[in-house]
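The values are calculated or read from the model by the stated rules, or taken from the named source; none is laboratory data. Everything numeric in this text was worked out from a predicted model, so none of it was measured. We place every Cβ from the backbone using ideal geometry, glycine too, and count neighbours over all the protein chains shown.
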Amino acid sequence: MQAHGLTPWHGTTIIGVKRGGKTVVAGDGQVSMGNTVMKPNARKVRRIGEGGKVVAGFAGATADAFTLFDRLEKKLEQYRGQLMRAAVELAKDWRTDKYLRNLEALMIVADKDVLLVITGNGDVLEPEGGITAIGSGGNYALSAARALVDYEEDPETIARKAMKVAADICVFTNDNVTLEAVES
């Protein structure tokens, strides 16, 4: 399954929902190796940056994601917490650096102002309508969230319900959800 036409990553679903003055990023906890569940309670969504003002979630290889979290934190320090600028600079490095180019992960990041998807292709995407999702269950969660926005205002409720749909359909996604929120 592909989210935003990007390379699919098996073993996770991450969703970001921005509504009103609140943004949430949620992810499941399943780590799979082939058809085997290796761990049911991994934390794929976490706070980063000074004071935890940025929330980030990843789909892909875990070691690669931790490398990217670390690089993004350094960019946030360098650009004084400006997430958009830090994300663009990380995406540039990710696309052009010989080592980073081989990393296999996607990231959803958010602060009080923006919700973004960062890819290894050099893309920094701000989603239409304030909803985005990545990972093997990303399209299921994205579809569910888009259907819910006409009936539900709270981004946390939308994200949790969308993750439930993804967990019910995608065998690489479970219902052990970690959710972090930022508010303006």
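Worth pointing out:
- Screening the range 99-143 for residues that are touching a Phe, Trp or Tyr at 6+ places or on another chain (Cβ under 6 Å) and farther than 26 Å from Val165 by Cβ and picking the one that is surrounded by the most Cβ atoms within 10 Å (Cβ to Cβ) gives Gly120.
- Exactly one residue out of Ala59, Ala65, Ala86 is part of a helix (DSSP H, G or I) and under 18 Å from Gly138 (Cα atoms): that is Ala65.
- Glu126 farther than 20 Å from Val17 by Cβ and of a type outside the set (A, V, I, L, M): no
- Scanning the range 152-170 for residues that are surrounded by fewer than 19 Cβ atoms within 10 Å (Cβ to Cβ) and not in a helix (DSSP H, G or I) returns Glu152, Glu153, Asp154.
- Residue in the range 139-151 that is modelled with pLDDT under 95 and assigned to a helix (DSSP H, G or I) present: no
- Single condition Lys74 does not satisfy, out of (1) without any contact (Cβ under 8 Å) to a residue 24 or more places away in the chain; (2) not in a helix (DSSP H, G or I): (2)
- Apart from one condition, Arg101 fits all of (1) at pLDDT 95 or above; (2) in a helix (DSSP H, G or I); the exception is (1).
- Restricting the range 28-77 to residues that are touching a Ser or Thr at 6+ places or on another chain (Cβ under 6 Å) and within 15 Å of Leu116 (Cα to Cα), the residue that is surrounded by the most Cβ atoms within 10 Å (Cβ to Cβ): Ala59
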